[in-house]
């Protein structure tokens, strides 16, 4: 496992070691002891979520507030996404900054997202399957988010607005400056 820090404090790119031969491939998608040693982030994942989406679907930017905040380890099982995180921790030196990376079934790259970051992704291929490990249970009353096209964040989604498929709920999310984390 190779771990690389991102521009966002506490957020890491995880590249598992891939073993390939004529039969296919094998890799360890998660090992808690190795993860904690390399990231210095103690974590106890207690919930796994999976979504399937068509090309052009944009999910996010979402996060859970307060005691229900969630750290996540995300990866693509099939297809590809542009994954984006935004630091919504007012005390962080990277507050208000975002990081974007392509995650795909081809590159097997994973992203560790610490608590206090908003998260979203744009699906780049049809029938994409996205997996999230979470260290806290989802709580509807604690959900929050930021509108995907917030002008102060200026996230480059590398897509035309007309090609995006966004839920009504996500289209009603507030601007970054209106969000309480």
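The values are calculated or read from the model by the stated rules, or taken from the named source; none is laboratory data. Everything numeric in this text was worked out from a predicted model, so none of it was measured. Don't worry about glycine lacking a Cβ; one is built from the backbone with ideal geometry, like all the others, and counts go over all protein chains shown.
Per-residue answers, yes or no, for (1) under 29 Å from residue 127 (Cβ atoms); (2) within 12 Å of the chain's Cα centre (by Cα); (3) surrounded by 14 or more Cβ atoms within 10 Å (Cβ to Cβ):
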| site | (1), (2), (3) |
| --- | --- |
| 32 | no, no, no |
| 36 | no, no, no |
| 43 | no, no, yes |
| 68 | no, no, yes |
| 72 | yes, yes, yes |
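Identify the residue in the stretch 150-171 that is closer than 25 Å to residue 49 by Cα and free of Cβ contacts under 8 Å to residues at least 24 places away in the same chain and, among all such residues, is surrounded by the fewest Cβ atoms within 10 Å (Cβ to Cβ).
168
Among the residues of the stretch 102-131 satisfying the criterion of being free of Cβ contacts under 8 Å to residues at least 60 places away in the same chain, part of a strand (DSSP E or B) and over 10 Å from the mean Cα position of the chain (by Cα), which is nearest to residue 90 (Cα to Cα)?
102
Report, ordered by the first and then the second residue, all pairs with beta carbons closer than 6 Å, sequence separation of six or more or different chains, a first member in the stretch 54-70 that is on the phi > 0 side of the Ramachandran plot and in a loop (DSSP other than H, G, I, E, B), and a second member that is at pLDDT below 95 and surrounded by fewer than 20 Cβ atoms within 10 Å (Cβ to Cβ).
Short answer, once both residue conditions are applied: 56/163.
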